[in-house]
Structures are given as structure tokens and as C-alpha cells.
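Okay, so here's the structure we're looking at.
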Amino acid sequence: MAGRSRPVVTPAKTDRVRIGGRLRAARQARGLTLEKVAEATGLNKGFISRLERDEVSPSVASLLAVCEVLGIRIGELFETPQTQVVRAAEGRRINFGGRKVQEFLLTPGTQSQLQVIHSTIEPGGNGGKELYTLDCEVEFVYVVRGELHVTVSSEAVLLAAGDAFTFPGKEPHTWANASNDQECEVLWALAPAP
């Protein structure tokens, strides 16, 4: 019997470079409307809209003007995105100090904006009796299976499979597997990565 095959990741094939999505994302990130960009660049609003949908090929001068208003380098539009696949059971093992827990980092160590951790917590496993903090703005936990008891300052929450909980990472907290006889599996997301 053949083993499970892994999906192959292949580069997307396109006839031309598509920059519209990146331009739209940069405009929206700065809270600018199509009208504001058109006004600041001296270009037509319809042209800017079509540019964001990759329906026109801009001149270098037009593209430079738009990039200047959006505060991005023209080269950013053509950079290949940095991606990395972490296969099942290939995450780097880490230890945040919890007891009876196996933790694997699912994001690359070079990722500074987000850190995702897969944890399998044995019965009785916990983050310690003392509350602790992490150097991140937001902490998110999703329970894949089992039950997890999370305490944030004076608030205690019991999470079951399918439940998610978001809280400030700098707020004192801890967690524990709420079961006496079943493992708990969770995904943690920390932003930015501590």
C-alpha cells in the first residue's frame, strides 16, 4: 500500500506581473481612498482603480507617482514573497516552560510578526501555578481537541474543542489541561512574535 503523498508546491504561472493587489493593500493600509490617490498623483480615479485590478499597464512615471503617494518603493511591487512550508511533525520543538506539554513552532524563526505554536498537553499539564506574561501584544488560543482552562488576571475561562480565546499577551495568565484522563491539543498564535 502506498504511503500518503505530499502536495507539491509549484510557482503560479502568469503571463504578466500582477501588482494591483499590492497597490490596493498599500492604499488601504494608509487609509487612502481612490480619490485621494488620484488627486495626489494627478491621475484619473478610473485609471487608479483599473491599475489595482491589473487591467492597465502603467508608465514608469505613473507607477512612480502612485508609489510615492503610497509610501512604498517601486521594487516592493515586484519582490517575490518569502514563504516557507512546515510539514506535519516537522516543526521545531520549543519549551515555554510548561509542564507535561510538547510544543512545536509552526512558523519559521525568521518570522517576527507572528508566532504559531502547536501544543499537545497531557492530563495535568499546565503553564505553571504562577501567572506569567509574554512579550507580545496579542495572544490567541484555539482548542483542537480536549479542554483547556485559561486564567487571565482574575478571569478564568474553560475552552472546549472548537473554542478560541484572544487576550493581551502582556496580561498575567496561565493555562492547564482541564481533563484528568485526556490530552488537550491547542494552537497558539502570538503577535508580534515574542
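The distance separating the Cα centre of the range 143-171 from that of the range 71-95 comes to 28 Å. Could you state, as a whole-number percent, how many of the C-alpha pairs of the range 10-81 are farther apart than 19 Å? Summing the P(r) of the range 10-81 above 19 Å gives 26 percent of all pairs.
Just to confirm a number: summing +1 for Lys and Arg and -1 for Asp and Glu over residues other than GLY97 whose beta-carbon lies under 11 angstrom from that of GLY97, what do you get? Within the 11 Å Cβ shell, the charges total -1. With the crude spin-label approximation of a point 7 Å out along Cα→Cβ, what separation in nm comes out for LYS36 versus LYS129? Label at LYS36, label at LYS129, 5.4 nm between them.
Under the simplified labelling scheme, the PHE78-ALA164 pair shows an inter-label distance of 3.7 nm, with each label point 7 Å from Cα along Cα→Cβ. Three principal axis extents of the range 48-148 based on alpha-carbon atoms, in descending order, are 63, 29, 23 Å. Mean separation of Cα pairs under 8 Å and 6 or more residues apart, divided by the residue count, gives the chain a relative contact order of 18 percent. The string of couplings for the range 105-121 from the Karplus curve (6.51, -1.76, 1.60, θ = phi - 60°) is 7, 9, 9, x, x, 7, 6, 9, 8, 8, 10, 10, 10, 9, 10, 10, 10 Hz, one whole number per residue in order, with x for Gly and Pro. The phi torsions of the range 153-160, fed into the Karplus equation with coefficients 6.51, -1.76 and 1.60 and a -60° offset, translate into couplings of 6, 9, 9, 10, 10, 9, 10, 10 Hz, rounded to whole numbers, with Gly and Pro shown as x. Express the relative contact order of the range 20-78 as a whole percentage, based on alpha carbon pairs under 8 Å and six or more residues apart in sequence. Averaging sequence separation for qualifying contacts and normalising by length gives 41 percent for the range 20-78. Calculated [222 nm] ellipticity per residue, helices only, for the chain: -5500 deg cm²/dmol; basis is -39500 (n - 2.57) per DSSP H run with n ≥ 4, divided by all residues, nearest 500.
Our analysis of the range 94-145 gives Rg over Rh at 0.95, with the two radii drawn from alpha carbon positions and Rh computed by the Kirkwood formula.
In sequence order, the range 177-189 has phi-based couplings of 5, 7, 9, 8, 9, 10, 5, 10, 10, 9, 10, 10, 10 Hz under the Karplus curve 6.51 cos²θ - 1.76 cosθ + 1.60, θ = phi - 60°, and Gly or Pro positions carry x.
Debye calculation, C-alpha points only, no solvent: report log10 I(q)/I(0) for the range 98-194 at q = 0.16, 0.18 Å⁻¹, in the same order as the q values. Log-scaled intensity ratios, in q order: -0.60, -0.77.
Remark: relative contact order (the range 56-170) = 16 percent; criterion is Cα-Cα distance under 8 angstrom and separation of 6 or more residues. Extension gain for ARG87 to SER49 (0.36 nm times residue separation, less C-alpha to C-alpha distance): 9.8 nm.
Bear in mind these aren't lab numbers, they're just calculated from the coordinates by the rules spelled out. Note that the structure is predicted; figures quoted are calculated from it, not measured. Glycine also receives a Cβ, built like all others from the backbone with ideal geometry; neighbour counts cover every protein chain displayed.
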